[in-house]
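Heads up, the thing below is written out as C-alpha cells.
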Amino acid sequence: MIRLIILSDFTEAFAHKLLRGIMEYSRQTEPWAVCRMPPAYKVQTGIEGVLAWAGIWKADAIIGQFNDDDPIELFEKNGIVVVAQDFNSRFERITNITSDYLLTGQMAADFFLRKGFRNFAFYGYKKAVWSDERFEGFRRCLCEAGYENNIYEYNHQPLGSLWYYQTEPVSEWIVQLPKPVALLTCDDNQGNKIAEVCKLTGIRIPQDVAVLGVDNDETICDLTDPPLSSISLSIEKAGYETARQIELLVRGRAAGRQDVVIHPCCIINRASTDLFATNDEYVSQALRYIHAHLGSKLTVDDIVKKLPLSRRLFEMRFRKITGMPVYQYIWNERIEKFIRTLLATEKSIAEILMETGEIDYHNFSRIFRKMKGCSPTCYRKYHKV
C-alpha cells in the first residue's frame, strides 16, 4: 500500500478533481492511503513540520504547493517521493504537476475573437508561472490577430492574497478599460473577484465586460453573479497520471523525472460571456441563430434566408467580425458542443452525434480529426480517466 500526503487547498475543486484521478488509479491497482493536509499547516510549521508528520504517518510520497525556497530536498533525503503542484514556478529536479498554460491562454483568445471582441484584458498574478504563461498565450494569439495595441493587463496583486484584495485599484482599472472588453482571469477565483468588483462599480457583465475564468470550478462558477464561463481542464486525468508516476518512483521503476501535464479541454460558456460584441446587427442576429440551432443540420443558406443580405455580402461581413468563414464557425461551435458532452458523460459517440443532429459519422470524424488532430475516441481517452 502506498501512503500519500496531498498538501493542497481542498476548498477548491482542483484538489478534489486531482484526488479523484488518484483514487481511480488506486481502484485499478491497489489500495492507497491518502492524508489531506491544508497549506496552512506548512505555513505554521514549515517544511520541517510537514516532514515530521510524514515520518509519523510513514508517508511514501507527498504532492504539494511548494515555494521556490522551500527545502524540499529534506523529503528526498528521508526517502519520500516529492511531486510539486505548480505554484510559483516549476522545479527542475522533481516531478511537477503542470499545465499547457500557453494553450489555455490561446484558447481563451480564440474564443473571444470568435465572439467579435476588439478589446482584451487579463487579470492575474505576477511571478506565478501558471498566471504568467496563461497571459503570454493569450497575448501571443491576440498579437497574431493584429490586436497588440488592444491588450490590457492587471497583475499587481500578491500571490498570497487568495481572498483578500483592494477594490479601488481593480475597479479603477476596469472603469478605464475600453468597452466592450473581453477579460480573461488567471483562474475562477479571480473571475469571481472581477464579477464582485463590477457589481460594486455598476459595470454590467457581459454587456460591458465579458469574463472568462480557468479551471471550471463549478461551485465558484455557479455562485458567481452572473454565472462564470470557464476553461475546463483535464485535472482528473492528470491525477491518474500523477499516481502512476508516484508508483513508479516509489517502486524504483521510473526511468527518470517526467512532468505530468494538464491539458485544456473545452470552454464551458455561461452567462458571463453570453454576448456577441459587434455593432453589425445582421452578424449578431446570425450568431444568435447559429447557436440556437447547433443541434440541427444548419447550412449557410439557412442563415442567409433570415437576413436581408446577399450571401456574398453576409459572408464578407461575418468573416470581418469573427475572423473565419461562416461554414468554419458553424463546425467549430458544433465540435465544441460535442466535446463538452463527450467529456462530461459516458455516452457513446454515436449517441452524442444523434443528440447534436449529426448522422454522418465518417464526415464528422474526418472534420474532427482535422481540427483536433485525433479521432473523437482518442480525444476522450487523452482527456478523461
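The values are calculated or read from the model by the stated rules, or taken from the named source; none is laboratory data. Keep in mind it's a predicted model, so treat the numbers as computed, not measured. In this analysis, Cβ positions are derived from the backbone assuming ideal geometry, glycine residues included, and neighbour counts consider all displayed protein chains.
Kindly list, by first and then second residue, each pair from a residue in the stretch 354-372 that is in the same structural domain as E333 (by TED's automatic domain parsing) and under 12 Å from K297 (Cα atoms) to a residue that is modelled with pLDDT of 90 or more and surrounded by fewer than 14 Cβ atoms within 10 Å (Cβ to Cβ), limited to pairs with Cβ atoms under 9 Å and residues at least 6 apart or on different chains.
E355/K347
Does the stretch 209-254 hold any residues that are over 29 Å from K115 (Cβ atoms) and among the β-branched types (V, I, T), and which are they?
Those that are over 29 Å from K115 (Cβ atoms) and among the β-branched types (V, I, T): T242, I246, V250.
Output yes when any residue across the stretch 227-234 is touching a strand residue (DSSP E or B) at 6+ places or on another chain (Cβ under 8 Å), of a type in the set (S, T, Y) and within 23 Å of E153 (Cβ to Cβ), and no when none is. Break it down stepwise before answering.
Taking the stretch 227-234 and keeping what is touching a strand residue (DSSP E or B) at 6+ places or on another chain (Cβ under 8 Å), we get 228-234.
Among the residues that remain, those that are also of a type in the set (S, T, Y) are: 229-230, 232, 234.
Now drop any that are not within 23 Å of E153 (Cβ to Cβ), which leaves 229-230.
Yes: one or more hits.
Can you pull out every residue in the stretch 116-130 that is within 18 Å of the chain's Cα centre (by Cα) and either closer than 16 Å to Q207 by Cβ or among the basic types (K, R) (or both)? Please lay out each step first, then the result.
Kept after step one, since they are within 18 Å of the chain's Cα centre (by Cα), are these residues of the stretch 116-130: 120-125, 128-130.
Within the stretch 116-130, A121 is the sole residue that qualifies.
Can you tell me which residue in the stretch 43-67 is surrounded by the fewest Cβ atoms within 10 Å (Cβ to Cβ), limited to those that are within 28 Å of the chain's Cα centre (by Cα) and not β-branched (V, I, T)?
N67
Return the residues of the stretch 81-113 that are surrounded by fewer than 21 Cβ atoms within 10 Å (Cβ to Cβ), of a type outside the set (A, V, I, L, M, F, W, C) and under 14 Å from I231 (Cβ atoms); say none if nothing qualifies.
D100, D110, listed by residue number.
Taking the condition among the aliphatic types (A, V, I, L, M), closer than 19 Å to R3 by Cβ and in contact (Cβ under 8 Å) with a residue 40 or more places away in the chain, does I80 pass? Before you say what the answer is, go through the steps one by one.
Details: among the aliphatic types (A, V, I, L, M): yes; closer than 19 Å to R3 by Cβ: yes; in contact (Cβ under 8 Å) with a residue 40 or more places away in the chain: no.
Answer is no for this residue.
Could you go through the stretch 241-262 and let me know if any residue there is of a type in the set (K, R), without any contact (Cβ under 8 Å) to a residue 40 or more places away in the chain and within 30 Å of M354 (Cβ to Cβ).
Step one: filter the stretch 241-262 for residues of a type in the set (K, R), giving 244, 251, 253, 257.
Next cut, without any contact (Cβ under 8 Å) to a residue 40 or more places away in the chain only: 251, 253.
Keeping just the survivors that are within 30 Å of M354 (Cβ to Cβ) gives none.
No - not one qualifying residue is present in the stretch 241-262.
Could you check, for the stretch 131-141, whether at least one of its residues is surrounded by 17 or more Cβ atoms within 10 Å (Cβ to Cβ), touching an Asp or Glu at 6+ places or on another chain (Cβ under 8 Å) and within 23 Å of A271 (Cα to Cα)?
Within the stretch 131-141, one or more residues are surrounded by 17 or more Cβ atoms within 10 Å (Cβ to Cβ), touching an Asp or Glu at 6+ places or on another chain (Cβ under 8 Å) and within 23 Å of A271 (Cα to Cα).
Here's a check for you: in the stretch 188-236, which residue that is outside any loop (DSSP other than H, G, I, E, B) and touching a Gly at 6+ places or on another chain (Cβ under 6 Å) is farthest from A121 (Cα to Cα)? Give the steps one after another, and end with the answer.
Going through the stretch 188-236, the residues outside any loop (DSSP other than H, G, I, E, B) turn out to be 188-201, 209-214, 218-223, 229-233, 235-236.
With touching a Gly at 6+ places or on another chain (Cβ under 6 Å) added as a condition, the list becomes 188, 191, 211, 213, 230, 236.
Working: D188: 15, G191: 12, V211: 9, G213: 12, S230: 15, E236: 29 Å.
The extreme case among them is E236.
I2 fails exactly one of the following numbered conditions: (1) surrounded by 13 or more Cβ atoms within 10 Å (Cβ to Cβ); (2) at pLDDT below 95. What is the number of that condition?
The one condition I2 does not meet is (2).
Conditions (1) farther than 15 Å from G295 by Cα; (2) of a type outside the set (D, E, K, R); (3) surrounded by fewer than 16 Cβ atoms within 10 Å (Cβ to Cβ), marked per residue:
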| site | (1), (2), (3) |
| --- | --- |
| R311 | yes, no, yes |
| G323 | yes, yes, yes |
| F338 | no, yes, no |
| K347 | yes, no, yes |
| L353 | no, yes, no |
| G357 | no, yes, yes |
| M371 | yes, yes, yes |
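Residues of the stretch 337-373 being part of a loop (DSSP other than H, G, I, E, B), over 20 Å from the mean Cα position of the chain (by Cα) and farther than 17 Å from Y327 by Cα, which ones? Walk me through how you get there before you give the answer.
Of the residues in the stretch 337-373, the ones part of a loop (DSSP other than H, G, I, E, B) are 345-348, 356-360, 373.
From what is left, the residues that are over 20 Å from the mean Cα position of the chain (by Cα) are 346-348, 356-360.
Passing the criteria: E346, K347, S348, I359.
Can you run down the residue pairs with Cβ atoms below 6 Å, 6 or more apart or on separate chains, where the first is in the stretch 206-219 and β-branched (V, I, T) and the partner is buried (at least 24 other Cβ atoms within 10 Å of the Cβ) and part of a strand (DSSP E or B)?
Taking only residues 6 or more apart or on different chains, the pairs are V209/L183; V211/L183; V214/I231.
Suppose the filter is small (G, A, S), in contact with a Leu (Cβ under 6 Å, 6 or more places away or on another chain) and surrounded by fewer than 17 Cβ atoms within 10 Å (Cβ to Cβ); does G295 pass it? Talk me through it step by step, then tell me what you get.
On the way: small (G, A, S): yes; in contact with a Leu (Cβ under 6 Å, 6 or more places away or on another chain): no; surrounded by fewer than 17 Cβ atoms within 10 Å (Cβ to Cβ): yes.
Taking the combined requirement at face value, the residue does not satisfy it.
Could you say whether any residue in the stretch 148-168 is within 23 Å of E333 (Cβ to Cβ) and not assigned by TED's automatic domain parsing to the domain that holds T322? Give the steps one after another, and end with the answer.
To start, the set of residues in the stretch 148-168 that are within 23 Å of E333 (Cβ to Cβ) comprises none.
Looking through the stretch 148-168, none of the residues is within 23 Å of E333 (Cβ to Cβ) and not assigned by TED's automatic domain parsing to the domain that holds T322.
Under 6 Å between Cβ atoms, which residue pairs at least 6 apart in sequence (or on different chains) link something in the stretch 113-136 that is in the same structural domain as I151 (by TED's automatic domain parsing) and among the hydroxyl-bearing types (S, T, Y) with a partner that is in a helix (DSSP H, G or I) and crowded, with 23+ Cβ neighbours inside 10 Å?
Y123/Q190; Y123/I194; Y125/S131
Which of the numbered conditions does D70 fail, given that it passes all the others? Conditions: (1) at pLDDT 90 or above; (2) surrounded by fewer than 13 Cβ atoms within 10 Å (Cβ to Cβ); (3) over 21 Å from R244 (Cβ atoms).
(2)
Taking V304 as meeting all but one of (1) surrounded by fewer than 17 Cβ atoms within 10 Å (Cβ to Cβ); (2) at pLDDT 90 or above; (3) at negative phi, write down the number of the exception.
Unmet condition: (1).
If I filter the stretch 170-193 for residues that are touching an Asp or Glu at 6+ places or on another chain (Cβ under 7 Å) and either over 22 Å from E12 (Cα atoms) or exposed (fewer than 15 other Cβ atoms within 10 Å of the Cβ) (or both), do I get at least one hit? Lay out the reasoning, then the answer.
From the stretch 170-193, those touching an Asp or Glu at 6+ places or on another chain (Cβ under 7 Å) are 179-180, 187-188; that's our starting set.
Still in the list and also either over 22 Å from E12 (Cα atoms) or exposed (fewer than 15 other Cβ atoms within 10 Å of the Cβ) (or both): 179-180.
Checked against the condition, which is being touching an Asp or Glu at 6+ places or on another chain (Cβ under 7 Å) and either over 22 Å from E12 (Cα atoms) or exposed (fewer than 15 other Cβ atoms within 10 Å of the Cβ) (or both), the stretch 170-193 yields at least one hit.
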